[in-house]
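Below is one structure; the comments refer to it alone.
The numbers here are math on the coordinates, done by the rules we state, and not lab data. As the structure is a computational prediction, the values presented were derived from the model and not from experiment. When we count neighbours, we look across all protein chains shown, and the Cβ atoms used for this are built from the backbone with ideal geometry, even at glycine.
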Amino acid sequence: MRFPALQNAPNALSLAGVAAALAASDAAAPTQAHISLAVDAATTYQTIDGFGFCEAFQRAHAIGNLPAAPQAAVLDLLFNATAGAGFSILRLGLGSSPDSRGDHMNSPQPAADPAAGFAWDGDDSGQVWVAQQAANRYGVATFYADAWSAPGYMKTNGRDDQGGWLCGVRGEGSAAGTLCAGASWVQAYAEYLARYVQAYIGAGIPVAYLGFLNEPNLIKPYATMQSDGYQAAEVAEALSVSLGGLGLSGVQIACCDAQGWSMARTLLAEMQDAGAEDLISVVTTHTYKGAPAGPDGPLNTTARVWVTEISPIMQRLGMTQTWFRNGSENEGLTWAVNLHEAFAVGNASAYIYWIGVGQANGTAPADNSTVPYYTIGSTYWASAHFSRFIRPGAKRIRVEVESMEGSNPGTADTTGTNVLASAYANKDSSIVVQVVNNRDQDVTADVPVAVPAAQSITSCEADTWVTDNTKKFVKVDAGMALRRGMSILLPSRSLTTVVVKCR
Amino acid sequence: MIRLIATITLSRALQHRQAGSTITVDLSKTYQTIDGFGTSQAFQRAVQMSKLPEAEQRHALDLLFSTTKGAGLSILRNGIGSSPDMSSDHMVSIAPKSPGSPSKDLIFAWDGSDNKQLWVSQEAQHTYGVQTIYADAWSAPGYMKTNGNDANGGSLCGVSGATCSSGDWKQAYANYLVRYIQYYKEANVTITHVGFLNEPELTTSYASMRSNAQQAADFIKVLYPTLQKANLSSVGINCCDAEGWQSQAGMLGTLKSVDDMLSVITAHSYTSSPSSPMNTKHKTWQTEAGDLQGAWTSAWYKSGGAGEGWTWANNVYTALVNANASAYLYWVGVQAGNTNSHMVHISNGKVEASKRLWALGQWSLFVRPGAVRVGTSGSASGVKTAAFRNVDGSVAVVFLNSGGSAAKVGVKLASGGGGGGGGGGDKAKAWYTDNTHEAAELDASVADGVASANIPSRAMATIVLYPAGSASSASKASRPV
């Protein structure tokens, strides 16, 4: 989907608002709710692989075509881990189309002609350039190459759009009415994908994850290919062979980019039934549609689970800079809730946005134009809160929200799900607590952070960042000493990130 | 014949082994006087206690202060609030609004609660007999400071190097502290010590005020006569609750200028712990220590971790024996939360004591206020020993057995010492704390003037001698299980 361009917000990442925030805290009414966020770093859950986005379907050109200064600013906003979001994963769309008409992703092997060979163009719809910036200038190390479809000549319908199946998968290809002519293209597809990954690696992009489907329930006028879990198992089998054949057995197979959580469950169960679960290193899903669309609990697998695509496109509201107004799907606070649920409810290991940077409708402004080059949607801020501080390799840890009020202080907060907390321990031992206050009321929170007994701590400090309707990603407490325990203010309708460093 | 002699020799040797090592207490060799052991309910931890169901409130207070049902702590450290209100866990000040100028009267707004510390203090003093109440301000109210905020450092207006356009607030701060003490007095609670700083070398985002030794002396020169004039000369001025024992020691040179105005030198254990005596004639107290970030443990001994009771029993030992401290306070007594910042845990409306409480309790129950540390000779392998003579004449001998097996120890008073060693009619009782016991009675037998007991491995035990003719009676006659 297309999005309006990013806009530069000068104060976005500044320290402005520190004094204001402190004053607000001092003047806050004493009757605000009081909770405890008890962090327990000794209890760990899933490992976090990172956060990211995609620039498929030629959206990469939006960044590539920017003049130098806004281009550098946008790349910093995306990848800079100190001043920006520090995204660490880039999802690449592997092209299946005959050419680059419209926003199609051209395939390096668009026809069945064996003489044509694998014609890598070194550009891959602008994605190679973005990936190189990410890898070379920012040290991004996680690249997920995913094909929406096989090229048309490998499919039952002879085209890369409008659904259709890969020739030769279970139940497809030998029947009359398909264009497979009895041939199976399963191994050929696997070879093709392996070659594609090899080409990326040759271009200096260390692709380590490979998927071969996207929302395989859909039939759409863009690259789509249908598959169930059994059929996917067959392709995964072939892929494992092809990757090994090219010396790429380190590349991990991901499947199946389901359209939603319930569909991911079904595909997973089918792949498990087919005995193919250990071929899949990462179970991938989107959270657009289903019963439920988003996580209602972990998936039934020991493999990592990634949310590999999601954006607020279902309500067709477009991008907004509003953090919170009425809880619409495109508001930043809604996004904070989505992130919380993916990690705390779904036990996800990664969260990848749909398009990071897209071109607004219309042309880019002229050099002397006062129209800014880019706009930042409010979902960016929620993503940045998580991504900048929860680094690859972190582990989610336990945090309990407890009420500190009434006659039973220290009881689990039963007032509902409107204060949502998740916590993470980075490999450098820093602890990150993400708290969504979805109430209309400010809440004060004691944050006792318990580290495992083996760590000998002399002192701890905490920094806090807040985004709400009045401030975007502002550091409100710098170097707060945790000597007597930390107490923070969670403004109404805010996302607060607390980073604790002990030594 | 030879065999018989050998048998006799053997049995004597056996007897000696069975008698274990004997510690001799020399009452004529005296060290420091002990004021007690304690904790704090500042920063609205007292409010958390007050929200418990009534039965659990009593249970919590018993655990802290009861000499029969709990640790018998004898010192309470209160926080004198400096904040405008009780948002978050702030301690509201008794004069939160600025009068505009230090020459104008302060605008007092006493709420009769003092962040619920008044209630805890009343219980401590009147129900449990606690006699030492130390009121300590983390900061002056913001309007008396260079930064206009009770948090984030800043200095008291008017001390050396700290000028404010509003003027010199030293006298106003002194008046303010005096009024606080008077409010407590009016509510029938006697504050015995007052402090006006907490960790003054540290700027924090909670109530904090910076001060060096000179600036502290500047203020003490005002506070002291103000207390005198208010008829509060019985209230001792403590200073300066530095982050660590060494940093406080470093302030003593400059504090000499107000040496006669000071009561107790106070320090915490975070950046350095009490390991050697401070160079001062005053008593020294260790007023705040804790395993602030350790995940909650209620264990006595598992691996010697920072939060275990055994570790704290030993920390107190080092402070008293190596650093000559007169008091030892753990940071918080009772609160909710999953770290070891506190000794007693609130969860789901119930309280649960950790063995850190009993570590302090095993000290506090038997080494009572006014006790004097006295000399000992002799030792048992792997066992640390210290002895204290209580005001009532009883002698508490403390043992910490870090050995892997039980140690048989005997203790006697040096002959000629007050109380008489070796005479008949001497009594002894013993109590101990370990993984499965909390100040539980330990068998102690007396023979030939030597009181003996078997100290289990990794246990802290106290043998209390009641010399014949002394006024002592068991301070702990019995303990319910």
Notebook entry, point to check: Say R0 is 30 Å: what FRET efficiency, to the nearest 0.05, do residue B:69 and residue B:302 get from their beta-carbon distance?
Noted result: 0.70
Check: Counting DSSP beta bridges in the protein assembly as shown, what percent are antiparallel, to the nearest 5?
Finding: 55
Notebook entry, point to check: Residue farthest toward the positive end of the dipole of the protein assembly as shown, with Cβ of Lys/Arg at +1 and Asp/Glu at -1: which of B:318, B:120, B:307?
Noted result: B:318
Note to self: Quick check on region B:184-258: what does the Kirkwood estimate of hydrodynamic radius come out to from the alpha carbon pairs, in Å?
What the structure shows: 13.5
Check: For the residue pair residue B:436 and residue A:137, what label-to-label distance in nm results when each label sits 7 Å from Cα along the Cα-to-beta-carbon direction?
Finding: 6.8
Note to self: Can you tell me, using C-alpha contacts under 8 Å and at least 6 residues apart, the relative contact order of chain B as a whole percent?
What the structure shows: 17
Notebook entry, point to check: Between Rg and the Kirkwood Rh of the protein assembly as shown, both from Cα atoms, what is the Rg to Rh ratio?
Noted result: 1.10
Check: In peptide B:337-347, how many Cβ atoms from other protein chains are near each Cβ within 10 Å, on average?
Finding: 6
Note to self: Just to be sure I understand the model, the point goes 7 Å from the Cα along the line to the Cβ. What's the resulting residue B:203 to residue B:58 distance in nm?
What the structure shows: 5.0
Next item on the list: Report, for chain B, the % of DSSP beta bridges that are antiparallel, rounded to 5.
Entry: 55
Notebook entry, point to check: Among A:49, A:428, A:124, what is the fewest-to-most ranking by other Cβ atoms within 10 Å?
Noted result: A:428, A:49, A:124
Notebook entry, point to check: In degrees from 0 to 90, rounded to the nearest 10, what is the angle of the helix A:186-202 Cα long axis to the longest principal axis of chain A?
Noted result: 60
Notebook entry, point to check: Using r as the Cβ-Cβ distance of residue A:69 and residue A:101, and R0 as 22 Å, what FRET efficiency do you calculate, to the nearest 0.05?
Noted result: 0.10
Next item on the list: Would you work out the relative contact order for chain A, in percent, from Cα pairs under 8 angstrom that are 6 or more residues apart?
Entry: 21
Checklist line | Contour minus Cα-Cα distance for residue A:266 and residue A:220 (0.36 nm per residue) | finding: 14.5 nm
Next item on the list: Can you tell me the order of B:118-129, A:314-325 when each peptide is scored by its average per-residue count of other Cβ atoms within 10 angstrom, highest first?
Entry: B:118-129, A:314-325
Notebook entry, point to check: So what's the back-of-envelope 222 nm ellipticity for chain B, counting only DSSP H runs of four-plus at -39500 (n - 2.57) apiece and dividing by all residues, rounded to 500?
Noted result: -6500 deg cm²/dmol
Next item on the list: Provide the FRET efficiency to the nearest 0.05 for the residue A:181-residue A:113 pair, computing r from the beta carbons and using R0 = 22 Å.
Entry: 0.90
Check: What residue among B:225, A:158, B:57 has its Cα farthest toward the positive end of the dipole of the protein assembly as shown, where the charges are +1 on Lys, Arg and -1 on Asp, Glu, each on the Cβ?
Finding: B:225
Next item on the list: Report the relative contact order of region A:227-326, percent, no decimals, based on alpha-carbon pairs under 8 angstrom and at least 6 residues apart.
Entry: 27
Next item on the list: Might you list the cysteines of chain A that have no disulfide-compatible partner by the rule of another cysteine's Cβ under 4.7 Å?
Entry: A:54
Checklist line | Cα centroid separation - region B:274-292 against region A:188-232, whole Å | finding: 67
Check: What is the extension gain from residue B:190 to residue B:163, computed as 0.36 nm multiplied by their sequence separation minus the C-alpha to C-alpha distance, in nm to one decimal?
Finding: 6.3 nm
Item checked: Dmax and Rg, reported as Rg then Dmax, of chain A (C-alpha, Å) -> 23.6, 80
Notebook entry, point to check: What spacing in nm lies between the two simple spin-label points modelled at residue A:291 and residue B:229, each 7 Å away from Cα in the Cβ direction?
Noted result: 8.2
